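The values are calculated or read from the model by the stated rules, or taken from the named source; none is laboratory data. The shown structure was predicted, so the numbers you read here are calculated from the model rather than taken from an experiment. Note that each Cβ is placed from the backbone with ideal geometry, even for glycine, and that neighbours are counted across all protein chains shown.
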Amino acid sequence: MIRMTRKQLEELKIDRPDEKIHRRIKAIWDGIAKPLDGLGEFETMLARIGAILGTTELSLQRKVILTFCADNGIVAEHVSQSGQEVTGIVAGFMGRQESSVGKMAARAGVTVIPVDIGINSCHRIPGVRDCKVMPGTRDFLVEPAMTEEEALQAVSVGISLVKECKNTGFQMVGTGEMGIGNTTTSSAVAAALLDCEAKEVTGRGAGLNEEGLKHKREVIAQALSRYPTAQMDGLEILATLGGLDIAAMAGVCIGGAVFHVPVVLDGLISSVAALVAERMVPGVREYLLASHLSKEPAAGMVADRLGLHPVIDAGLGLGEGTGAVMLFTLLDLALALYANQTTFANMEIDQYERFTDEEAEQGS
């Protein structure tokens, strides 16, 4: 198991994905018999994947979702409809591959590894990896959610699991999470990282009514006023306001960059984890792909800050890694066209030319 210290994180240097490979894959796309950029963002995503993996011979047969389950002390402030016991119950279904992500992943040919990173229970859950750091975080309205050491331990779990997945032969990793109260933790972390007010980033989560939403925003606003987040770095914000699932997914993002494994983000919570990771280790975002634009209000702001373009905009908010599974499927469809190319040469027709903006204007 990798155990990262603050100093080791700060000293990490992330290599950029291979730009030559990226250009070669884009050129291959241009040679396939279709309009230029006909598959839009999917062409760019597969070029990024190839650049990360260091090859134009793309194969995405083995894909895995790492779903981190954890409880959050902020639930004591009544920010959710459900109690903490629901986290363990759903994790049990995940262990049997009977939760939402398990059923979708089975159809898509994707492996799901559920991980107990911080469920508030002393019992081991069959089918769930036991990587528990602590039995849930503390109530961040009262005290910091974690110590830096606890947050770093969860980050280290994420990094270690990416290394393990790569060594096992997985070519892509997706992030997932499950934990009652984690739209509150992620909204609080997003507000601190984006330097904005709670009301700008806080949504209804699993379905709060207007009164519940108002209270949730007030709780986050009170916490933001309690801590000097403007003077904090990424790790300090994570430890103060975050969750163990966010910390572990931040580790997955860092691990993807360190071990050259493409990481597909799910919704808001994993995107916030990615922003934490980028703040802690600049350059990580080059190894990430965004699956969907969550219905939570912070989602677009976080994606913009990361420079990522979520390709699915369907108001999703299920979590567990379900959005990442959906993107895996779409990438497989795009790869079918890339891997089994019908070129302009095959059709014996002229290839479309790619013009610069200036050339296009002159031609018009």
Test set (1) on the phi < 0 side of the Ramachandran plot; (2) under 21 Å from the mean Cα position of the chain (by Cα) - Asp139 fails condition number: (2)
Residue that is surrounded by the fewest Cβ atoms within 10 Å (Cβ to Cβ), among those in the stretch 114-140 that are among the acidic types (Asp, Glu) and in contact with a helix residue (DSSP H, G or I) (Cβ under 8 Å, 6 or more places away or on another chain): Asp139
Scope the stretch 173-212; condition aliphatic (A, V, I, L, M) and in contact with a strand residue (DSSP E or B) (Cβ under 6 Å, 6 or more places away or on another chain); matching residues: Val173, Met178
Per-region count, the stretch 251-267, residues more than 8 Å from the chain's Cα centre (by Cα) and at negative phi: 10
Residues satisfying the stated conditions in the stretch 249-307, i.e. in contact (Cβ under 8 Å) with a residue 12 or more places away in the chain and among the acidic types (Asp, Glu): Asp266, Glu278, Glu286, Glu296
From the options Leu238, Leu244, residue that is farther than 20 Å from Arg129 by Cα and either out of contact with any Pro (no Cβ under 9 Å at 6 or more places or on another chain) or free of Cβ contacts under 8 Å to residues at least 40 places away in the same chain (or both): Leu238
Given (1) surrounded by fewer than 20 Cβ atoms within 10 Å (Cβ to Cβ); (2) at negative phi, index of the condition Thr67 fails: (1)
Any hit, the stretch 98-109, residues being of a type in the set (S, T, N, Q), crowded, with 17+ Cβ neighbours inside 10 Å, touching a Phe, Trp or Tyr at 6+ places or on another chain (Cβ under 6 Å) and on the phi < 0 side of the Ramachandran plot: yes
First in the stretch 189-210 and exposed (fewer than 14 other Cβ atoms within 10 Å of the Cβ), second anywhere and of a type in the set (Ser, Thr, Tyr) and assigned to a helix (DSSP H, G or I), Cβ under 9 Å, 6 or more apart: Asp195/Thr229
Residue satisfying condition, being closer than 26 Å to Thr185 by Cβ and at pLDDT below 95, within set Gly363, Gly307, Gly315: Gly315
Condition met for Asp304 (in contact with a Phe, Trp or Tyr (Cβ under 7 Å, 6 or more places away or on another chain) and not aliphatic (A, V, I, L, M)): no
Cross-chain or 6+ apart pairs with Cβ under 7 Å, the stretch 76-88 first and closer than 12 Å to Asn182 by Cβ, then part of a loop (DSSP other than H, G, I, E, B) and small (Gly, Ala, Ser): Val79/Gly181; Ser80/Gly181; Ser80/Gly205; Ser80/Ala206; Ser82/Ala206; Gln84/Gly136; Thr87/Gly179
Residue list for the stretch 184-235, filter: over 24 Å from the mean Cα position of the chain (by Cα), hydroxyl-bearing (Ser, Thr, Tyr) and under 17 Å from Thr137 (Cβ atoms): Tyr227
Residues being free of Cβ contacts under 8 Å to residues at least 60 places away in the same chain and either acidic (Asp, Glu) or over 15 Å from Leu331 (Cα atoms) (or both) - total across the stretch 16-55: 12
Count - residues of the stretch 167-188 that are in a helix (DSSP H, G or I) and crowded, with 19+ Cβ neighbours inside 10 Å: 7
Number of the exception - Glu150 against (1) among the acidic types (Asp, Glu); (2) over 22 Å from Phe93 (Cβ atoms); (3) crowded, with 24+ Cβ neighbours inside 10 Å: (3)
